[in-house]
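Below is one structure; the comments refer to it alone.
FYI, it's all coordinate maths here, none of it is from the lab. No experiment lies behind these values; they were computed from the predicted model shown. Here Cβ is always computed from backbone atoms with ideal geometry, including for glycine, and neighbour counts include all displayed protein chains.
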Protein chains: 2
Amino acid sequence: MSLPLGYRYAATYAGIRKVEKDDIVLIVSDSPASAAAVFTRNRVVAGPVTVARRNVRASRGRMQAILANAGNANCATPTAEQVATESARAAGEALGIAANQVLPCSTGVIGVELDPRKIANALPRLKAALDPGSFDAAAAAILTTDTRSKTAFAQVKAARIAGMAKGSGMIHPRMATTLAFVLTDAVVPPPVLRTALKHAVERSFNRISVDGDTSTNDTVAVFANGVSKITPSAKAFSEALAEVLASLAQQIVKDGEGAKKFVTIEIRGAATDAAAEKIARSIANSPLVKTAIAGSDPNWGRVLSAAGNAGVAFDPTHADIDMQGVAVCRGGLAADFSEDELKRKPDSPECSIQFTLRGRGRGQTRFWTCDLTEEYIRINASYRT
Amino acid sequence: MSLPLGYRYAATYAGIRKVEKDDIVLIVSDSPASAAAVFTRNRVVAGPVTVARRNVRASRGRMQAILANAGNANCATPTAEQVATESARAAGEALGIAANQVLPCSTGVIGVELDPRKIANALPRLKAALDPGSFDAAAAAILTTDTRSKTAFAQVKAARIAGMAKGSGMIHPRMATTLAFVLTDAVVPPPVLRTALKHAVERSFNRISVDGDTSTNDTVAVFANGVSKITPSAKAFSEALAEVLASLAQQIVKDGEGAKKFVTIEIRGAATDAAAEKIARSIANSPLVKTAIAGSDPNWGRVLSAAGNAGVAFDPTHADIDMQGVAVCRGGLAADFSEDELKRKPDSPECSIQFTLRGRGRGQTRFWTCDLTEEYIRINASYRT
């Protein structure tokens, strides 16, 4: 796919990570872009989240740059907000734009001071390196425990949308998780952009879970600079944006810490969509369901028990469960299936769980998660977030 | 400690487990006892939970026997309730008491039919083996993935209280979890027993978590047969019962699947006790906190982030965190502590986390959990619950 017009990217090593690997990214739109962003719902928020939220408001949704670093969350330190404010100001000065047109983001360890001089020192190099072709380098520089870059692309009419994301652990978005940046050259006014982003996030980043932990730094931002002069309908743009975010969200789950399997959970027949989501979330976050999937065990009893713990009223005798397309539970009871045959089926990198309540309910949802493996423990018993 | 008077115990192998190890237990009071029980809040409940709840009510809290099996949860099968009803009736007949004076319990795999003939066949052997000294054999027979028995004892005046429990995984009680049976020879009328049990469970079994999953079979039952003729005050009895249940609950956490460390979480200064509990539960269930503890990493940033996800409003700048008695976070920021010194401290089998909100709130709670290790994954990727 071709990249949206009018954006340039740069990444370099600012000395924030311990290992020498690009850890700071600058994304610049050639002209002011409509901007919208959603942030973590954690009560504890990082400095850059506070500043980014303020800048989106102060700029009235017209921004021009994203400055993101990996390796330090710039969170829960005395200087967090000040460092984010100063960095945005320094980037604005370097680029000749207002400080509030810069969206700062950080990801990495919490509670360790981020030295603002490292960012200030990197800015001239970043500015000099800005290039329309460096999208992939930017997508790589924001990663932490991720094993691969996450990018997604779409077109709406002839306008282009490109997105990048990072995320592998601490994934349990209630609003938005991790960092994701989406850029488009379509013409989209800020209010339309905000609505489209909210809608898309609700059906993508808010429907995934790796480990049930929501980070302090989650940010999903979208810029629309209108350089293509193409104005898609709000509906067409919203759909294309949702497609990009759904792809990024699913890539995050597939790269979940230690994950070997990608699990799609579908709920149908709940009283409401919200009830369906609660059931899906309870199944997706159950360590017993996730370890059973890791062990290729078609353990529908754990799925039923997790659904029963969702805090949603339902009659278990109306519950049907299918795993890998095989009926394993009907009316809350074991269905007649060949265990041996089914045991081979979950032993694939993609796993599906369908939970259906028979009756008149029309609430439904789709949710994505991954298995829970020993590798998750190894990563998190040693990595300091 | 000496056992309460007037109780006999028996355990045998009924062929329910695959391995030949006692899997069925009968506990009989020589005379009808006051009885109270609390059960899982999972929407999906096992057959024996339905029957036990009905029998406690039908007998007006006067019961005489507990019949418990391990190896099969008798849950989510077409015959679950019928098998539990029949087994209670058969036990009543064998003992010459009413069927509704028998409390049936099961634990083990969900969704596999439990053959009632296995229980019927074992009853004559159980009855013949009933012995006042077989308490420990009964406590061993109810275990599943547990690595050791859990028992606890107390005295109130000269009356005796003895408790046994099983539980290692699927531990996240919202009401009562796993199986626990407490027997006393004190004189305690059913209403006093019910109140004391509710109070004790709220501060013990409802304050522990291994993996955040609540089982379909959780039952905590207490019998008081009055054989000692000693009538303690309601308050004294309630405190002694709470002590026994707190010990059992903590033993379950210490034997949590794969657990190497026992973690005590104390919350102070929240707006209400309920808010404190929510914060404690969020920290206790965070895989990132639990893996950090497994890795002896004093990672207070993850504790703060988990607290921020509890769904409770608080100002992070008022949050203090101590780990192993060392101030690691003050006012939401890193405290001045020696990381090297602290890193050695969490490397002990007992770990403490104190989370205090400075201000006028008086809400507090104490909660117990364990670390999350690779062994948990190994156990649950292969064991079929």
Taking a ≥ b ≥ c as the square roots of the eigenvalues of the Cα gyration tensor, with a/c under 1.5 meaning rounded and otherwise prolate when a/b exceeds b/c and oblate if not, the range A:247-368 is oblate
Determine the shielding of peptide A:296-303 by partner chains: average, over its residues, the number of Cβ atoms on other chains within 10 angstrom of each Cβ.
-> 5
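Could you give the size of the charge dipole of the range B:262-382 about its Cα centre, using +1 on the Cβ of each K and R and -1 on the Cβ of each D and E, expressed in debye and rounded to the nearest 20?
Numbers: 14 positive and 16 negative charges, 93 e Å.
Approximately 440 debye in magnitude.
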Excluding residues fewer than 8 positions from residue B:229 in its own chain, the lysines with Cα under 23 Å of it are B:157
Between residue B:179 and residues 5 or more places away or on another chain, the pairs with built amide H atoms under 5 Å apart involve B:166, B:219
Using θ = phi - 60° and the Karplus form 6.51 cos²θ - 1.76 cosθ + 1.60, what ³J(HN,Hα) does each residue of the range B:259-270 get, whole Hz, x for Gly and Pro?
-> 5, 10, 10, 9, 10, 9, 10, 10, 10, 9, x, 6
By per-residue mean of other Cβ atoms within 10 Å, what is the highest-first order of A:306-317, B:119-130, B:295-306, A:45-56?
-> B:295-306, A:45-56, A:306-317, B:119-130
What are the distances, in nm and sorted shortest first, from the label point of residue B:125 to the label points of the same position in each other copy, with each label point placed 7 Å from Cα along the Cα-to-Cβ direction?
-> 7.4
Given H placed on each backbone N at 1.01 Å, which residues far from residue B:44 in sequence or on other chains put an amide H within less than 5 Å of it?
-> A:308
Of A:260/A:343; A:260/B:343; A:260/B:254; A:18/B:343; A:261/B:343, which sit over 24 Å apart, Cα to Cα?
-> A:260/B:343; A:260/B:254; A:261/B:343
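Defining a contact as two alpha carbons under 8 Å apart and six or more residues distant in sequence, what relative contact order in percent does the range A:1-114 show? The partial results should precede the final answer.
Details: 237 pairs, mean separation 31.0, N = 114.
After rounding, I find 27 percent.
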Between chains B and A there is a rotation axis; tell me the chain B residue with the nearest beta carbon and how many whole Å away it sits.
-> B:374, 2
Near residue B:150, which aspartates and glutamates are there with a Cα under 15 Å away, not counting those fewer than 8 places off in the same chain?
-> B:136, B:243, B:255, B:257
Sort out for me the Cα centre separation of the range B:263-331 from the range B:103-120, rounded to whole Å.
-> 40
Which far-off residues, 5 or more places away or on another chain, put their amide H under 5 Å from the one on residue B:62, with H placed in the peptide plane?
-> B:35
In order over the range B:281-295: 3J(HN,Hα) from phi, Karplus 6.51/-1.76/1.60, θ = phi - 60°, whole Hz, x for each Gly or Pro, gives 5, 5, 5, 5, 9, 6, x, 6, 5, 5, 6, 4, 5, 4, x
Filtered hits (aspartates and glutamates, Cα-Cα < 17 Å from residue A:118, offset >= 8 within chain) -> A:20, A:22, A:23, A:81, A:86, A:93
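Provide the percentage of antiparallel DSSP beta bridges, counting only those with both residues in chain A; round to the nearest 5.
Values: 51 of 74 bridges.
If I count the DSSP bridges inside chain A, around 70 percent turn out antiparallel.
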Counting helices only, and only those DSSP H runs with n ≥ 4, report the 222 nm mean residue ellipticity of chain A as the sum of -39,500 (n - 2.57) divided by its residues, in deg cm²/dmol to the nearest 500.
-> -10000 deg cm²/dmol
What is the average number of partner chain Cβ atoms found within 10 Å of a Cβ in B:98-110?
-> 1
If we sort A:7-15, B:68-76 on the protection proxy, mean other Cβ atoms within 10 Å, highest first, what's the order?
-> B:68-76, A:7-15
Scalar couplings 3J(HN,Hα) for the range B:332-341 by Karplus 6.51 cos²θ - 1.76 cosθ + 1.60 (θ = phi - 60°), nearest whole Hz, x for Gly and Pro, are x, 10, 4, 7, 8, 9, 7, 4, 5, 4
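Can you pull the mean other chain C-beta count within 10 Å for peptide A:319-325?
Details: counts 3, 0, 2, 0, 0, 0, 0.
The shielding value for this peptide is 1.
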